């Protein structure tokens with residue numbers, strides 16, 4: 001409501017002009033229907049009056065379009081620019097992961113139930129990165145494989161629970177000698193996927209009865225407030241986890 005009032009005040013001159021047009025239209029219509037006016041004059045007055053009404057209507061429509069455009073721009077500014085949403089994808093597996101992982105230098109945070117796809121794609125690369133960049137910090141947070149939450153998720157995605165346990169075990173074994181990689185498990189469900197690669201973050205929900213790989217993913221910039229919210233969420237989860 002406050003924004004609407006500000007918009008009206010800003011467009012006061014425009015509104016006043018529209019009001020003058022409508023009042024003038026009423027005056028010409030009155031003159032046109034006046035019995036004292038000749039047929040010729042009456043027709044002219046009516047023509048002018050209806051033209052002014054049409055112009056006034058166009059002006060109102062344009063004003064409404066400006067208002068709608070103003071609201072749209074405000075929403076874009078709040079959700080996309082201030083929020084920091086870079087893109088929205090309909091799946092988890094994105095090609096841009098390869099480029100970002102190849103340029104990884106500072107920090108990697110990731111959550112998951114098994115991280116099987118991540119392991120298959122980037123385990124060897126990550127070991128190389130950790131050796132070449134000692135300052136790199138990698139944190140992997142997994143749901144406790146024997147928890148009811150992990151079992152339930154495996155059932156929803158029609159996966160064998162033993163396969164999830166094996167995936168977690170091989171992650172632990174693969175990275176056991178990498179000092180820059182920390183792995184924690186948490187005995188709680190994950191409501192969202194968080195995958196941070198330096199200053200870029202990918203997040204997405206875990207939907208009920210839908211495969212994670214085919215679930216929507218948001219790409220976030222570290223300049224937006226949504227990035228910071230998920231950064232805090234990861235820290236809360238990480239603090240509740242236990243080292244493997």
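Just so it is clear, none of the values below were taken in a lab; they were calculated from the coordinates. As the structure is a computational prediction, the values presented were derived from the model and not from experiment. Note that we place each Cβ from the backbone using ideal geometry, even for glycine, and neighbour counts take in every protein chain shown.
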* Structure fact -> Percent antiparallel among DSSP beta bridges confined to the range 87-243, rounded to 5, stands at 60
* Structure fact -> Log entry: pair-distance distribution for the range 87-243, C-alpha pairs binned every 5 Å from zero, whole % per bin is 2, 9, 19, 23, 23, 16, 7, 1, 0
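Where does the range 155-244 land on Rg(C-alpha)/(2.2 N^0.38 Å)? The partial results should precede the final answer.
Details: Rg = 14.6 Å, N = 90, 2.2 N^0.38 = 12.2 Å.
Dividing the Cα radius of gyration by 2.2 N^0.38 Å gives 1.20.
If R0 is 41 Å, what FRET efficiency do you get for residue 222 and residue 160 from their C-beta distance, rounded to 0.05?
Values: r = 38 Å, r/R0 = 0.92.
For residue 222 and residue 160, the calculated efficiency is 0.65.
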* Structure fact -> Subtracting the Cα-Cα distance of residue 170 and residue 89 from 0.36 nm times their residue separation yields 26.2 nm
